[in-house]
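Nothing in this text is a laboratory measurement; each read-out follows from the coordinates by a stated rule. Everything quoted here is computed from the prediction, not taken from an experiment. Glycine gets a Cβ as well: all are built from the backbone with ideal geometry, and neighbour counts include every protein chain shown.
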Amino acid sequence: MGGYLVDGKGWRWTMWIVIIFGAALLVPLAMLDESYKTVILKRRALACGQALPPKPDPKTALKTIFTITLARPTHMLLKEPIVQAVALYSSFAFAVLFGFFEAYPFVFQREYGMNLGETGLCFLGIAAGLCLGCLIYLVQDRVFYVPAHRKHNGSPPPEARLIPAMIGSGLMPVGLFWFAWTARVDIHWIVPCIAGVPFGAGLVLVFVIPPLPPHTIEC
């Protein structure tokens, strides 16, 4: 959409369209139910007549926020090899995704002679891959994670939560090599475009992992 707008209206309309869609989304957002875990548990406790824990003083709260959001992640990044490996791999995946914003115009405009709007439509391959990745995640969740969750009484081994990433780490290089080997003028443009499907699916599966069991409050 942005490509066609730049060709017809100028680059500023790429910003206006985001504002328009964002404003339109405010209406349904205002009618959604609360989804923040802390607020839900607080409301549930009040409805059950349970006393809420006292609020910490500002200094303690600020120290806790600093520890959780900055000190602890930094410590883990410097001291834990598995965190370093995952952070490095995640940063590479994001770098490749944003690299496509330069690679797609270079390939589809230079090799295939497309305009900005047509080049933008080629990103639908990655979009389809994102949807496929969500579907794969739901399937593996029901096939692998839920049975493991039940088998271990709500505390499955950490490896059970890494199955989506294991699948995604295989799909991502498939998409990258596919795109690299087929992005030339003697091959139809749809072939490198479809290469975005396994890449997009792998990207979702690398970053989305099953959540930890939620805490509950029963009346």
If we take the stretch 32-133, then helices (runs of 4 or more DSSP H) inside it with 1 or more residues that are over 28 Å from the mean Cα position of the chain (by Cα) are 37-47, 58-66, 81-110
List pairs: first residue in the stretch 92-121 and without any contact (Cβ under 8 Å) to a residue 40 or more places away in the chain, second residue part of a helix (DSSP H, G or I) and surrounded by 15 or more Cβ atoms within 10 Å (Cβ to Cβ) anywhere in the structure, Cβ distance under 7 angstrom, at least six positions apart or on different chains. 104/119; 105/119; 109/119
